[in-house]
Amino acid sequence: MPLFEAVRLALQTIRAQKLKSGFSLLGVFIGVASLIGAWSIVNGVNRYMTEKFAQTLFGVNTFQLRRRPMFTPNVPDSVWRAWARRPRIRFSDAEALNAAFTVPVVTAWQSSENTTISYRDKQARDIELTTASERYFDIKNLRLAAGRAFTAQENRAGAAVAVLGDAVAQRLFVDRSPLDRSVRIGGTGYRVIGVVEKQGSILGFPLDRFVIVPALSPAQNLVNPPGILDAFLVKARTEPEMHLAMDQAEGIMRSRRHLRPRQDDNFALDTSEGVQRFWAGISRILVVVLPGVVVVSLVIGGIVIMNIMLMSVAERTREIGLRKSLGARRRDVLRQFLAESAAIATVGAAFGVVAGIGLTVLIAAASPLPASLSPMSILLGVVMGGGVGVIAGAYPASRAARLDPIAALRQE
Amino acid sequence: MSAGQPFRTGDTPLPEIIILTHKLTREYDMGGEVVRALRGVSVQIKKNEYVAVMGPSGSGKSTLMNLIGCLDTPTAGEYWLNGQKVSRLDDDALARIRNKEIGFVFQTFNLLPRATALHNVELPLIYAGVASRVRRAQAAQALERVGLGDRMEHRPNELSGGQRQRVAIARALVNEPSILLADEPTGNLDSATSGEIMQVFRDLHEQGQTIVMVTHEHDIAAHAARVVTLRDGEIATDQLRAA
């Protein structure tokens, strides 16, 4: 019997026994759907981390000088306490580094603290107040939707001007223009000079609830003690230049802090690679857990299919006997039942692909997780699904093929 | 008595002999006890003969039927079908022979319940590897031959018992086999319908078809031109009826 006939027959049988086939393809369906869905999440977060977060939010070829690293999975308390005892980064550190870099870099100061900002009787609570120097906008790739960023002169002079995040502007001004209005931050009136383009969110964390003011403006008291910085941001033109600048920064900081050669750094130089390493740690867990889940559901799916096929062979013993009496060889019967189980599994996998795609769209739309479909996962899902069908069908099919036609025909 | 000339081991049957068995023996091992179902049956059937095989249950007629139908292989002895020695062939080779040389008609029809009459008749052609368009044409022709040209798209449950058996006969004929092998073809039919089926057999016989039919009913066997009776695994009588 040609393969085409076997497949046609298999599909006919599936159509004729919708309920039974529905049950038997459930396992593969769930396996493939979860494979594609979970893969989409990992893939989406991966892309987000490498493209958007690392390159846009953190900045390309950028590092940050901080008291301690920003993203650190599973730090023991003792390490955390040691970090808290470290000296903080000072304005003078930043100025010394600025003077010493021999590679062309762009730098900015940054400190942040949550605060409340108000306009007339309206308040926006829990807003991230960032005091920064003027190049902060360039380094963070923040484009303005309206107005302008503050200038170096305004920064040096400590001018009371503010640039709002999109969510803050929406909250306080709804659809009116916030430009040239006066908002209050920590008891001081600030003139709004710009609004930053909408940034969206990352992993459910909103990115538009911020206000940026000059580092030396009155609100600096709200953020850090005088002369203290959270982070000193350095952006180089290329990666090698960034590493050069990092080496210089490390050397200068060590000498400023009088560290002996064998002492560890008591400051951190964070790069987007650090963030990606942090994410890679998480995604490695997913990569270990995910195939486990998929394999378990595919194995269950395979067992279900094998059982259904054994039942089917038992029920259709007479049909097998008839087919043999009409000239079906062993391989014809084998092929018929293999095609049937492969078809069941492939149909299950196909439904699983559709559900997986739906799941991806749903996750991307309704949850904070960035999900992005991977074509590889679809291919893998279908191939694995079909493979499970062939493997699960092999034993029942070979039993069918070996049936004695006389005994099979005699069966009621 | 037995038609044709004596056959010795090592001989080749004459071309007009479709079926030749020589000292055909079949023993079953039933849990250590050997049951001798056939004890050296030698019979020759010529082209276009119409033979009924009779005998009480346990006489070995089903065993003989299975051997003639190439569903089983003998313990000893020879079986020649249409000039080919088939008593020592393997499973797949027997399947080819069944497909090409033998058309089965069963007591219980054995139609696929979900398939149309046409598709049921197509089955042997599928295993013969005939292309789908040719297949449909040949199956339709076979159905017309048994008077079911207007029932091709019906499923078995939409057909009467007699019509079902005709579909089965069409299926048996579609590969133009050397022999039509019928096992109690009227066992599940009332007498009027039985008569109808016997008429179909008579017509086929007149058109040149070789027919071997197993039955235990004397009035059905009476339609055949020759009646072979088995008893205790041996041929008891082999009689030609005057036409």
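Data overview
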| item | result |
| --- | --- |
| Of all DSSP beta bridges in region A:106-236, antiparallel share, percent nearest 5 | 75 percent |
| Ranking of A:ARG90, B:ARG135 by count of other Cβ atoms within 10 Å, fewest first | A:ARG90, B:ARG135 |
| The protein assembly as shown - share of DSSP beta bridges that are antiparallel (%, nearest 5) | 70 percent |
| Candidate lysines - alpha carbon under 27 Å from A:LYS18, same-chain residues fewer than 8 apart omitted | A:LYS324 |
| A:GLU197 long-range amide H proximity, modeled H, under 5 Å | A:ARG143, A:LEU144, A:ALA145 |
| Highest-fluctuation residue, A:VAL213, A:VAL79, A:VAL289 considered, GNM on chain A with Cα pairs under 10 Å | A:VAL79 |
| Candidates A:ASP166, A:ASP126, A:ASP264: whichever shows maximal mean-square fluctuation once chain A is modelled as a Gaussian network with Cα springs under 10 Å | A:ASP264 |
| Aspartates and glutamates whose Cα lies under 12 Å from that of B:LYS46, excluding same-chain neighbours fewer than 8 positions away | B:GLU16 |
| Per-pair calculated FRET efficiency, R0 = 22 Å: A:ARG68 and A:ARG237 via Cβ, rounded to 0.05 | 0.20 |
| Separation in nanometres of the label points that stand 7 Å from Cα toward Cβ, at B:VAL134 and B:ARG231 | 5.0 nm |
| Rounded to 10°, Cα long-axis angle of helix A:239-256 versus longest principal axis of chain A | 50 degrees |
| Two-site FRET efficiency, A:HIS258 against A:ARG176, from Cβ-Cβ distance with R₀ of 45 Å, rounded to 0.05 | 0.25 |
| Cα gyration tensor category, rounded, prolate or oblate, for region A:106-236 with a/c compared to 1.5 | rounded |
| Region A:189-275: trypsin sites (Lys or Arg not before Pro) in DSSP loop, at most 10 other beta carbons within 10 Å | A:ARG262 |
| Within straight-line cross-link reach of A:LYS235, lysines at Cα separation under 30 Å, skipping those fewer than 8 residues along the same chain | A:LYS52, A:LYS140, A:LYS198 |
| Trypsin sites (Lys or Arg not before Pro) lying in DSSP loop within region B:19-114, provided at most 11 other Cβ fall within 10 Å | B:ARG88 |
| Euclidean distance of C-alpha centroids, region B:211-234 and region B:48-124, integer Å | 16 Å |
| Mean projected area in nm² (Cα convex hull; one quarter of hull surface) for the protein assembly as shown | 46.7 nm² |
| Additional length obtainable on full extension of the chain from A:SER201 to A:LEU369, 0.36 nm per residue less Cα span | 59.5 nm |
| Loop-located GluC sites (Glu not before Pro) in region B:134-231, at most 13 other Cβ atoms within 10 Å (DSSP) | B:GLU153 |
| Rounded Å value of the spacing that divides the Cα centres of region A:80-134 and region A:345-412 | 54 Å |
| Neighbourhood charge, 10 Å Cβ-Cβ cut-off, centred on A:LEU322 and excluding it, Lys, Arg +1 and Asp, Glu -1 | +4 |
| Inter-chain Cβ neighbour average for residues B:120-126, partner chain, 10 Å | 4 |
| Principal-axis tilt of helix B:191-206 within chain B, Cα atoms, nearest 10 degrees | 80 degrees |
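Quick note: the coordinates plus some simple rules give every number you see, no bench work behind them. All values reported here derive from a predicted model rather than from experimental measurement. Cβ coordinates were reconstructed from backbone atoms using ideal geometry, including for glycine residues, and neighbour counts include every protein chain displayed.
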